[in-house]
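As structure tokens, the structure follows; a few thoughts come after it.
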Amino acid sequence: MTNIEPRSPFRGRGFIAASIVVGVIALAAIIVLISSLARSSDDPKATPSNVPSSTSTAVAGDKSVCGLDGFETKSTLTQAPKNEWELVGTVAAPTEPTSAGPGVTDEGFRSCYAHTAKGALYAAVNWFALSSDARNIPKLPSLVEPGAGRDAAIAAATSSPTAPSDTRLQVAGFKINSYDGQEAVIDVAWTVTSKNGVLVSLPTVLHWIGGDWKIVLTDKGTFPYTSSPLKNLGGYIPWAGV
């Protein structure tokens, strides 16, 4: 099967459009940003360090912006979390507000996660869940790493918006591809419930910036990794809210 590179992750009202054409599953994030979106002038511009901390003791820059405990430079997430799930938009999203996160929920908009692999996992899933509700669209850029990628995604969505999608999906499992405390690559397996339960994988890259996990895009405004179909959850840790 052939992977097709996702379009701008700021297109459409939903999160992912999955289709099966001649055996090819194309996965694309489709979140629309309206042209009036304005980035806050106080958005952090710092980029993550290329050298992860070698200690398990958090320093000032490692601490969660909302005071959540937890800090690790190596993932300890080897089994499915025992968390609560809440419906965010159309997606069941994980929640542990006093530990992994989200530590801040403002009128339904979620942010602030622990500086751990679990926190990064929760941040990734919650970001896509938030994107399934059009009311969250104006705030979504605040959860993306500032820079050329975010600017490109905004520009692409403004110049060529796409129609809303009726695609529905839920988390099926995950694996931590890599984690060093500054960068996390979280591979989430999704069940596309509107496509007869087909399974797809989309690894998501996050950077720790300004006391929280931020979604990372390429300079072209797309996700660093393409999606791919899955025959089953082999190699993934099963984890689902519905």
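The values are calculated or read from the model by the stated rules, or taken from the named source; none is laboratory data. Just so it is clear, the model here is predicted, and its values are computed rather than measured. Here the Cβ is made from the backbone with ideal geometry for all residues, glycine too, and neighbour counts use every protein chain on show. Each accessible area value is taken on the protein alone, full model and side chains, heavy atoms only, with ligands, DNA and RNA left out. Shrake-Rupley method; radii C 1.70, N 1.55, O 1.52, S 1.80 Å.
Annotation note: trypsin sites (Lys or Arg not before Pro) in segment 203-236 located in DSSP loop regions with a Cβ neighbour count of at most 11 within 10 Å are Lys231. Element breakdown for segment 72-175 at a 1.4 angstrom probe: carbon and sulfur atoms account for 51% of the accessible area.
Starting from the residue with the highest accessible area, list Cys112, Cys66 in decreasing order, probe 1.4 Å.
Cys66, Cys112
Number of Lys-Lys pairs in segment 90-242 with C-alpha atoms under 25 Å apart and a separation of 8 or more places or on different chains: 9.
Among the GluC sites (Glu not before Pro) found in segment 70-123, those both in a DSSP coil and sparsely packed, with 14 or fewer other Cβ atoms within 10 Å of their Cβ, are Glu107. For segment 115-242, the solvent-accessible area with a 1.4 angstrom probe is 35 square angstrom per residue. By the Kirkwood approach, averaging reciprocal distances over each pair of separate Cα atoms, segment 127-242 gets a hydrodynamic radius of 15.4 Å.
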